[in-house]
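The values are calculated or read from the model by the stated rules, or taken from the named source; none is laboratory data. Keep in mind the model is a prediction, meaning the values are calculated, not measured. Note that each Cβ is placed from the backbone with ideal geometry, even for glycine, and that neighbours are counted across all protein chains shown. When the accessible area is computed, the model is the full protein with side chains, heavy atoms only, and any ligands, DNA or RNA have been set aside. Shrake-Rupley method; radii C 1.70, N 1.55, O 1.52, S 1.80 Å.
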Amino acid sequence: MALSRKIGLFLGPLLFIIILNLPFVLLSEKGDPVLAVAAWMVTWWITEAVSISVTALLPLVLFHLLDILTIDQVGANYGSRVVFLFFGGFVLALALEKVNLHKRIALNIIKVTGTTPNKVILGFMIATASLSMWISNTASTVVMLPIAMSVINLLVNDADGFTKNDQNFALSVMLGIAFSANAGGIATIIGTPPNIVLIGFLEENYNIEISFFKWLLIGLPFSIIMITISYLVLVKWMFPNRELKFDASKDVISDELKKLGPISGKEKKVLLIFGITVALWIFRQLINEVFPDLNLKDAIISVGAAIALFAIPHSLKKGDFILEWKDTQKLAWGILILFGGGLALAAGMKASGIVDIIAEAIAASNISVLVTASLLILLMLFMTELMSNVALITVLAPVVAGIAIGLDIPMLYLLVPVTMASSCAFMLPMATPPNAIVFASGYIKVHQMARVGFILNMIAVGLLILLFQFVIPWIF
């Protein structure tokens, strides 16, 4: 067990006890117990002393014992409709992966983009980002990595050996996969956990709803711009592969597609359910206007899709279904608990008046709105290089909401760019699973990822500030 984990294991409850027993009031009589719980949770989240999902269960016990919220009030957060929205998304992703449809989609995208070196890199990036919009960025990276390794091996084993141009190509492919996995998830509500945390926080605490379509309006263009910039920085600036030529990559892609065989009946059914689900998410508001009695919600559509994947038979005679319940062993149940814990912590911070205290302090100060937004975006983006973005947004969302109230601006103006910033970690291998996975390939050194990652981090900060200033007020 790492020393940091050992220290964190004892430091968390120690901070909790110290804050509870201070001879003076830090924030308020009601706020200090919540602050003590938050200190314990943040310490365990940062050090990963225990699983981050286990840490998320602390409010369920401590809030009731400290008389912050009743057990029923706390427990309701773990069964929030937003948790079920993501559950449905997880099941949909599970089906895509089970029938290998995600791999077929990725390979066909790469095949369409072309087989010149830079087009291959672009193909890998578009394919990875497209998958990350719907399945976890970890899964999308794991799918793309072996295909990318096969293409790179063509260069390693060719007549001229592994030249500088070859190395630059390998770097661009690997980093392109990681960066597009991170940026791709920003495009949709279900693409990355921080987005869901924000949606849940707003719905549960302020009755503010962001529809799938509305998020897509802002998330998809940002993802496309960020991936385009990443591609240009990699192949035109940092790691150009001039004069590199190879045609055999086309054979690798064709061979991988041949291994999958013709599209199966199960794949067609999953594709149909997936298409209907996405269409319902996008056109939900229009459908509700035409059929107001339906009152469709994103979570209802999500769970409905999940039920369909378990209930629609592939072969009724054989009793063969697309998904069986045993398939859910691969489901990230811990993340669903993590969402619940985050919502519970936010509810405790609101109920105890911490958000109001922050709002009053900001209102009393004379801080520029633009400077505050810029600093929050910068802080979130670089902090997420060192700790879980889900944990970060869970803790900081109520704080940012309080700051927005204090500045007298709609909280969405601040919360949306800050949340998006939490998924823009491009610098360090340990920052996100995609970064760690491609780093493990052996083709990337830490200083190479950090150098290009820092540039992309700063570009992301600039884009998010522009988003805050000009785009978000127009959409929201």
Probe 1.4 Å, accessible area per residue of the chain, Å²: 43
Net charge of Cβ neighbours under 10 Å - reference PRO313; Lys, Arg +1; Asp, Glu -1: +2
Amide hydrogen neighbours beyond the local backbone of HIS314, cut-off 5 Å, H modeled: ASP320, PHE321, ILE322
Vicinal HN-Hα couplings computed from phi for the stretch 206-219 (Karplus, 6.51 cos²θ - 1.76 cosθ + 1.60; Hz; Gly/Pro x): 10, 6, 9, 10, 10, 6, 4, 5, 5, 5, 4, 4, 9, x
Net charge contributed by nearby residues that have their C-beta within less than 14 Å of ALA401 (K/R +1, D/E -1): -4
Environment charge at ILE273 (Cβ cut-off 13 Å; Lys +1, Arg +1, Asp -1, Glu -1): +3
DSSP loop trypsin sites (Lys or Arg not before Pro) with at most 10 other Cβ within 10 Å excluded, longest remaining stretch of the chain: 1-241
Extension gain (nm, one decimal) between ASP293 and ALA2, 0.36 nm per residue minus Cα-Cα: 99.2 nm
